[in-house]
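All remarks here apply to the structure that follows.
What follows is calculated from the coordinates using simple rules that are stated; it is not laboratory data. Source: prediction; values computed, not measured. Here the Cβ positions follow ideal geometry from the backbone for every residue, glycine too, while neighbour counts run over all protein chains shown.
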Amino acid sequence: MAEDFAVLDFALVAAAPRAVAVALAAAEAGAPQAPPRTGGVLGRLFGRKPAPSPEAPLLVQPAGTLPRGVLAREMLDDMGFGGADREIRLSAPVGNAGYTLIEWRERTDGGPSPRLVALSRALPAEEILAFRLTGGQHPGGEYGFAVYRGGQVVRRLGIHRADAGSDWEPTQSGTAHALEAEAPLDPSDPGALMTPARQAGILAALGIDADRLLVDRDGHETVLELSTRPGGTAPEALAEAPPEPEEDTADAALAWEDEVTGLLVTAVTDALPEDEQVPWLDAMTADLEAGRTEAALDRARALLDKGSRPAPVRAAAAARLAVLFGH
């Protein structure tokens, strides 16, 4: 991807594109309007004009309306000429969980995205994962990862600098997200709090290739292009996607067994000598077959604590087993 831009933002949410579009349109329709100017001579002159009409609604446009390239701010201080703020592209499915990719131009620097705060409030059951990076047109640089939930920013990691001659300044707030364990940071380097490599590691944990995410425009089943241009379709008027066919129970059970087996065999091989591995797995199987999932989880955690793999890797395995065992 060419880096001839200043700032690039994108986000991921585990909701269908239509649901995201409806939520975005509703959130933006409810955004407060700027107050009218009333003071001074200019205020009195402007006051003679009719009251401003509400902002045009966000509509789904015909395919090809938006530029095919990335929706990025071309300059850091572009005075509004770097492209319309209210252009958004939604693409799905992305990654292992079938995320919807949200692309837009974010003009808020140094703080949370008002658009994502509003969207997460409109989709309270969903978690929004947001990423920011900068290109060659930025005099310094900024890289970030944030998590939005229920109208709040619950996690924020970032580094920024005003120019190439300045040191990187880290920003951190909220509780660590489980995905961070998939891309461990180097504690000896505060400038590595959120780098392009760490962003790529988080995306890889979601089954996403960072180098292809914003380039492969033909790899999505659904793409919705939103803007305020007249003639588009209201998102709520779009036909809903048919429901996903129910997964075959036998296939689901087999997939569960394969994943659990893989996690446990890896842990056993790491933590126990060869002559103890089979007896341990037999005892674990007995717990699971008897429905003693809590005892099985305790047994697995104790085993993982003995292992020699990096602590974040073992913690991620324990967390995944807890989900698989229903805890």
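Listed values, structure above:
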| item | result |
| --- | --- |
| Gain in span if fully extended, Asp189 to Glu259, counting 0.36 nm per residue against the direct Cα distance | 21.7 nm |
| FRET efficiency estimate (nearest 0.05) - Cβ-Cβ, Glu169 to Lys306, R0 35 angstrom | 0.30 |
| Loop sites in the range 171-224: trypsin sites (Lys or Arg not before Pro), DSSP, at most 13 other Cβ within 10 Å | Arg212, Arg217 |
| At R0 = 35 Å, FRET efficiency that the Cβ-Cβ distance of Arg229 and Ala125 yields, to 0.05 | 0.70 |
| Per-residue HN-Hα couplings for the range 150-161 [Karplus 6.51, -1.76, 1.60; θ = phi - 60°; Hz; x = Gly/Pro] | x, x, 10, 8, 9, 7, 8, 10, x, 9, 8, 8 |
| For the range 98-109, Karplus couplings with θ = phi - 60° (6.51, -1.76, 1.60), whole Hz, Gly/Pro x | x, 5, 9, 8, 10, 10, 6, 9, 9, 9, 8, 10 |
| Mean Cβ neighbour count within 10 Å, used as a protection proxy, ranking 305-317, 92-104, 150-162 highest first | 92-104, 150-162, 305-317 |
| Volume of the Cα convex hull of the range 249-324, divided per residue and given in Å³ | 84 Å³ |
| Whole-Hz ³J(HN,Hα) from phi, Karplus 6.51 cos²θ - 1.76 cosθ + 1.60, for the range 112-125, glycine and proline x | x, 7, x, 5, 6, 4, 5, 5, 5, 6, 6, 10, x, 7 |
| Net charge of neighbours whose Cβ lies under 15 Å from the Cβ of Asp282, counting Lys and Arg as +1 and Asp and Glu as -1 | -3 |
